[in-house]
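A.B. asks: Structure below; questions to follow.
Values in this text are rule-based calculations from the coordinates and carry no lab data. Everything numeric in this text was worked out from a predicted model, so none of it was measured. Glycine gets a Cβ as well: all are built from the backbone with ideal geometry, and neighbour counts include every protein chain shown.
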């Protein structure tokens, strides 16, 4: 990237079949999304209709951010 440019990324998340794993990681995941929103980097997020996963659209300097 050049200068202060940022890029929008769309990420899909496919939930684990294990409800215990989902329950364990979901609070940290939501904290991270809240942080992105507070920083103005979260453009959209939400679950799929069938609750099999979610889509997150966010802004970052690169794909590793």
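A.B. asks: Just the residues that are within 15 Å of the chain's Cα centre (by Cα) and surrounded by fewer than 11 Cβ atoms within 10 Å (Cβ to Cβ), please, taken from segment 3-28.
C.D. replies: 10, 12, 14, 27, 28 - these are the residues of segment 3-28 that are within 15 Å of the chain's Cα centre (by Cα) and surrounded by fewer than 11 Cβ atoms within 10 Å (Cβ to Cβ).
A.B. asks: Could I ask something else about it? Can you name every residue in segment 51-65 that is outside any loop (DSSP other than H, G, I, E, B) and over 13 Å from residue 6 (Cβ atoms)?
C.D. replies: If the condition is that a residue be outside any loop (DSSP other than H, G, I, E, B) and over 13 Å from residue 6 (Cβ atoms), then 53, 54, 55, 56 are the ones that fit.
A.B. asks: I need every pair where a residue in segment 22-50 that is under 21 Å from residue 7 (Cβ atoms) has its Cβ under 7 Å from the Cβ of a residue that is assigned to a helix (DSSP H, G or I), sequence separation at least 6 or different chains.
C.D. replies: 42/33; 42/36; 45/33
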